[in-house]
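Trainee: Can you read through this structure? Questions will come right after.
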Amino acid sequence: MNIRKLACALAAAFVMSSAAPAAELVLVAGASGRTGSAAMRLLDEQGYTVRATTTNRERAIERHGDQWDWLELDVRDRDAVFAAMQDVDYLVCATGTRSLIGGNSPRFVDYDGLVNLVDAAVEAGVRHFVVVTSAAAGPYRERSRMIIFARARHWKTMGENHLKRSGLAYTVIGPSALQEEPAAGGEPIRVMARADYETGAVAIADVAILAVDALTNPDARNKSYGVIRDESVAPGAWRAMLKTIRVDSETEEAPDHPLMPDPE
């Protein structure tokens, strides 16, 4: 190649590279947890830019590596959450608490934390908000027994209701019991309206696949659904099933559904 042709090629390459759109930014809240980390890796494989939040950056790096844009964030800190939402296009929330009392109880993490994320996402103009919650949350679950755990389900439901009323495009995913295997997912799974939920189990990786897909899948928009492993269905059949689930505005999970009573 002569010098003139080389110069033209270099100039063309520069124009193409400078004109290329930046990868869309997804904030993964709770990225160092099991579901969050699975979603984070899948997003990376699909070419998204990931802003991974964790309550302990040093520990997250030890567990998952330093190739991620780790941001130490306490979702209970409203100002910090609003600052973290800058330039975010999409959000996957996989936060949750294992403590039932004190400052890390569901009241402050599963509810206040989600409210902060939702409000910040509204202000930032986030395109779609996906929350991975619990199959035991939502307006269809009976809470009169096991009051301690009912409190967690109550606050998760309250957080979901806030998201539904926010005006954001959203998806609420309520998985059954989470299992580590298969690590790559891909098992036959069944998605269903939460009123039709059945007890079961599902691989964490499959929940992550659903969460990432929901960001841009119109069939998941403004819907709440449960998911379980089901060997009787074909792999990938969940896509057709998702089409049949009604949006929340056409069900009792509409944004104006009454808030759940406090389980005191």
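Trainee: Mind listing whichever residues of segment 186-234 are under 15 Å from SER37 (Cβ atoms) and touching a residue at least 40 places away in the same chain (Cβ under 8 Å)?
Mentor: ILE204, ALA205, VAL207, ALA208, ILE209, ALA211, VAL212
Trainee: Sort out which residues of segment 71-118 are part of a loop (DSSP other than H, G, I, E, B), of a type in the set (Val, Ile, Thr) and at pLDDT 90 or above, and write them in order of number.
Mentor: Of everything in segment 71-118, those that are part of a loop (DSSP other than H, G, I, E, B), of a type in the set (Val, Ile, Thr) and at pLDDT 90 or above turn out to be VAL75, VAL88, THR95.
Trainee: Count, please, the residues in segment 66-86 that happen to be out of contact with any helix residue (DSSP H, G or I) (no Cβ under 7 Å at 6 or more places or on another chain), within 12 Å of ALA120 (Cα to Cα) and among the charged types (D, E, K, R).
Mentor: Total satisfying the criteria: 2.
Trainee: Which of the residues belonging to segment 60-101 are surrounded by fewer than 13 Cβ atoms within 10 Å (Cβ to Cβ) and closer than 11 Å to SER32 by Cα?
Mentor: Scanning segment 60-101 gives GLU62, ARG63, GLY65.
Trainee: If you go through segment 35-42 one residue at a time, do you hit one that is outside any strand (DSSP E or B) and closer than 14 Å to ALA124 by Cβ?
Mentor: no
Trainee: Follow-up. Mind listing whichever residues of segment 238-247 are in contact with a Lys or Arg (Cβ under 6 Å, 6 or more places away or on another chain) and surrounded by 15 or more Cβ atoms within 10 Å (Cβ to Cβ)?
Mentor: Correct list: ILE245 only.
Trainee: Additional query: I need every pair where a residue in segment 173-185 that is modelled with pLDDT of 75 or more has its Cβ under 7 Å from the Cβ of a residue that is surrounded by fewer than 18 Cβ atoms within 10 Å (Cβ to Cβ) and of a type in the set (D, E, K, R), sequence separation at least 6 or different chains.
Mentor: Once the first residue is modelled with pLDDT of 75 or more and sits in segment 173-185, its partners that are surrounded by fewer than 18 Cβ atoms within 10 Å (Cβ to Cβ) and of a type in the set (D, E, K, R) give LEU178/ARG34.
For (1) modelled with pLDDT of 95 or more; (2) in a loop (DSSP other than H, G, I, E, B); (3) closer than 23 Å to GLY30 by Cα, each residue gets a yes or a no:
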site	(1), (2), (3)
ARG190	no, no, no
ILE209	yes, no, yes
ASP213	yes, no, yes
ASP219	yes, no, no
GLY226	no, no, yes
ARG239	yes, no, no
LYS243	yes, no, no
PRO255	no, yes, no
MET260	no, yes, no
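Trainee: Now for a separate question. Test each condition in (1) among the charged types (D, E, K, R); (2) surrounded by fewer than 23 Cβ atoms within 10 Å (Cβ to Cβ); (3) modelled with pLDDT under 95 for ARG153 and report the one that comes out false.
Mentor: (2)
Trainee: Also: Just a yes or no: is a residue in segment 55-70 assigned to a strand (DSSP E or B), under 24 Å from ALA214 (Cβ atoms) and modelled with pLDDT under 95?
Mentor: Checked segment 55-70: at least one residue is assigned to a strand (DSSP E or B), under 24 Å from ALA214 (Cβ atoms) and modelled with pLDDT under 95.
The values are calculated or read from the model by the stated rules, or taken from the named source; none is laboratory data. Note that the coordinates shown come from a computational prediction; the quantities given were computed from them, not determined experimentally. When we count neighbours, we look across all protein chains shown, and the Cβ atoms used for this are built from the backbone with ideal geometry, even at glycine.
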